[in-house]
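Only the coordinates and a few stated rules stand behind these numbers; no lab work does. These figures come from a predicted structure and were not determined experimentally. Cβ: placed from backbone, ideal geometry, glycine included. Neighbour counts: every protein chain shown.
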Amino acid sequence: MQLNETEACIHQLKFKKLEIEGQTQLEQNEATRLRRVREAQDEERRQVEAEVNALNTVCEQRMRANDNLTRELHQMAEDDELIRARLDR
């Protein structure tokens, strides 16, 4: 009788081992999937950061150009006022 109980226990332990191995494989697969997702997100983040940096550079260039044009326009308005004042005399 004790031999049958031992065999049954061994059988249960083997079954439990297979369950644990299956669960371990599922968890490893999920870990691999999550690692790939994270890597893809990291790459996307790097691309977005590069795009933001490029847009910031363009904005800075346009702001400088806008400042230059504003100064030129202001100077033209002052020159126009001087010319009008001279013509009015």
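One entry in (i) 16, 48, 28, 8; (ii) 16, 36, 22, 16, 11, 1; (iii) 13, 14, 12, 11, 11, 9, 8, 7, 5, 4, 3, 2, 1 is P(r) over Cα pairs in 10 Å bins from 0, in percent calculated from the shown coordinates; its label is (iii). Once the Cα atoms are used to define both axes, helix 2-88 deviates from the longest principal axis of the chain by about 0 degrees.
Find which of Gln12, Met63, Ala85 sits farthest along the positive direction of the dipole of the chain, computed with +1 on the beta-carbon of Lys and Arg, -1 on that of Asp and Glu, about the Cα centre. Result: Gln12, furthest along the dipole toward the positive end. Measuring r between the beta carbons of Leu3 and Thr24 and using R0 = 30 Å, the FRET efficiency lands at 0.45. Between Phe15 and Val58, the contour length at 0.36 nm per residue exceeds the alpha carbon distance by 9.0 nm.
Charge dipole (Cα centre; +1 on Lys/Arg Cβ, -1 on Asp/Glu Cβ; no other charges) of segment 34-89 amounts to roughly 200 debye.
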